[in-house]
Amino acid sequence: MEFSPSVENKGALPTSQVVPMPASRPPAPSPAQSAELTRPAGPGLHVAIISDGNGRWATSRGLPRSAGHRTGAEAARRIIEAAPRLGVHTLTLFALSSANWKRPAAEVSGILRLLHEYLLAETAHCVEEGVRLSIIGRRDRVPATLRQAIADSEAATARGTRLHLRLAIDYSAREAIFHAACRFYKVTELSPESFGRVLAEVYRGGSTEVDLLIRTGGEQRLSDFLLWECAFAEFVFVRKAWPDFTAADLEAALQEFALRERTRGALPGALAG
Ligand code: IPE
Ligand code: MG
């Protein structure tokens, strides 16, 4: 899909809602929340997952797509549980793309309902487990009750330090970058770092460099996820659909990641002298 605001913003996202930013956009975060584009504080990796394949998982079993999303939510619970002990400090899951508004309304509202259920059921558990939860993405198009649940979960889990769990809901990286660019004209210190800080403010939840990007479900594309943050990410594509993804699969992806030499454009270690 090529970028064309006039086409992409049709329907759910009219251009008039994009520029300027929606009035209902929440206020900018406190400086503590707006991490700049750096590695996460402390040890550990930032793993981002495009959790794809729920629908195909369900239809291949003769089930409605909603069953795939429900089983996918169970997979998310497993992976969130396993992540910290596998050395993951920040985990970003692509729960709902802004592009998903093109799907039937019943499917999208079903996914939003699952997210709401997740927040209500898991917030206390997150607090116990030291998980800090952030939502990245637009909040002005989700139901008000979900918006409130997001705010409550973020406030309740704000002190978690074991894992930063970021759920991307109604998220579009391109839109985030666009909004950051719109805000950037006010910034006097022009640098990639200051742009990263503005980007972190746009959708909140920080904006930290991704180390490893995993996509399940067999497709091999980025689908408008964390475009800026994945500049030097390693990609691992997994054929398994998301509902079948296990902690062992995450571990295998991390092992593959560990074998990659990350030069960031420099020479590999053996040649660097
Ligand atoms: C990913 O699974 C989950 C969401 C987009 C919410 P899909 O729903 O895209 O499943 P497939 O790709 O159609 O199998
Ligand atoms: Mg898909």
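Suppose the chain between Arg183 and Asp140 were pulled fully straight at 0.36 nm per residue; how much longer would it get relative to their current alpha carbon spacing?
Working: separation 43, 0.36 × 43 = 15.48 nm, distance 1.82 nm.
Using 0.36 nm per residue and subtracting the Cα-Cα distance, I get 13.7 nm.
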Explain nothing, just compute: Karplus ³J(HN,Hα) = 6.51 cos²θ - 1.76 cosθ + 1.60, θ = phi - 60°, for every residue of segment 45-56 in order, whole Hz, x for Gly and Pro. 10, 9, 10, 10, 10, 8, 8, 9, x, 4, x, 5
If you build the Cα gyration tensor of segment 169-208 and take the root of 5 times each eigenvalue, what three semi-axes come out, in whole angstrom, biggest first? 17, 11, 7
Output the peptides 261-269, 169-177, 232-240 sorted from most to least packed, where packing is the average of other Cβ atoms within 10 Å over each peptide's residues. 169-177, 232-240, 261-269
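If Trp242, Trp228 are ordered by their accessible area, calculated over protein heavy atoms with a 1.4 Å probe, which sequence runs from highest to lowest?
Numbers: Trp242 5, Trp228 75 Å².
Per-residue accessible area, sorted high to low, gives Trp228, Trp242.
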By how many nm would the segment from Ala231 to Arg61 lengthen if fully extended, with 0.36 nm per residue of separation less the alpha-carbon distance? 57.5 nm
Other-chain or far-sequence residues with amide H under 5 Å of Glu234's (modelled H): Leu212, Leu213
Using square roots of five times the C-alpha gyration tensor eigenvalues, list the equivalent-ellipsoid semi-axes of segment 68-156 in whole Å, biggest first. 22, 16, 12
Provide the gained length on full extension for the span Glu74 to Ala247, in nm with one decimal, where the gain is 0.36 nm per separating residue minus the Cα-Cα distance. 61.1 nm
With every protein chain left in place, what is the accessible area of Glu193 in Å² (1.4 Å probe, nearest 10)? 90
Of segment 71-97, those with amide N under 14 Å from the point 7 Å along the Cα→Cβ vector of Glu129 are 73-93
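The values are calculated or read from the model by the stated rules, or taken from the named source; none is laboratory data. Because the structure is a prediction, the values reported are computed rather than measured. With ideal geometry, Cβ positions are generated from the backbone for all residues, glycine too; neighbour counts draw on all protein chains shown. Surface accessibility is based on the protein's heavy atoms, side chains included, excluding ligands, DNA and RNA. Shrake-Rupley method; radii C 1.70, N 1.55, O 1.52, S 1.80 Å.
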